[in-house]
Amino acid sequence: MRLFPIAFVLALAACAPEAADKAESGNAAAPVSQPPPAAPAEPARAPATETALTADGWGPLRIGMSRAEIEAALGGDADPAAVGGPDPEACDQFRPARAPQGMLVMVEDGKLARISLVRDADIATDRGISLGDDAARVRAAYGDAIGATPHAYLHPEGGYLTVWARGGGGEDVRDPAARGIRYEIGEDDRVTAIHAGGPAIQHVEGCL
């Protein structure tokens, strides 16, 4: 039997742990860096044209607000040279400078009395009705709550379909607290104009 010197054996034993440590160190996986969390996405804002017209108003407009409040919200008269009524101090109808196309506001005695959608307005009411929809869709949206009256100029082809959200009922409503929506129906049985607000929605020609 061949014997190794004791000093040589002890040297081998001392080197073994160091070698093992180096092996473990070499096999250890490098730490993986994590990407920073993504910032939460800002919620999308609906364009103004998607805001529904209700019996109480539209967007920043509320029936009953002052003319000064209307102008602060959407600007002054876009066409100040136009005649908005026979007596503008008592009743005036105009389009605010920053209002959507086809939107008119009516001010009676200094207060917002009516909001109208005419011509090329692309705004819908809170029941999803917009200009160009047929009368059958309006009737289906409101059922028995809606009242029908003859058109001032187009009878018997046209007419008015009116629903009162509160107050009102019947014809010639004068309660200043009443709020409703009136749909003007043309000869082709389609919506040609929409009026929302108080008793002023019953005017058949601007402030008249």
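Above 16 angstrom, tally the Cα pairs of segment 159-208 and express them as a % of all pairs, no decimals.
34
If you take every residue apart from residue 143 with its C-beta less than 14 Å away from the C-beta of residue 143, what net charge results, scoring Lys and Arg +1 and Asp and Glu -1?
+2
Computed from the coordinates by the stated procedures, all read-outs in this text should not be read as laboratory data. All of these numbers come straight from a predicted model, not from anything done at the bench. Don't worry about glycine lacking a Cβ; one is built from the backbone with ideal geometry, like all the others, and counts go over all protein chains shown.
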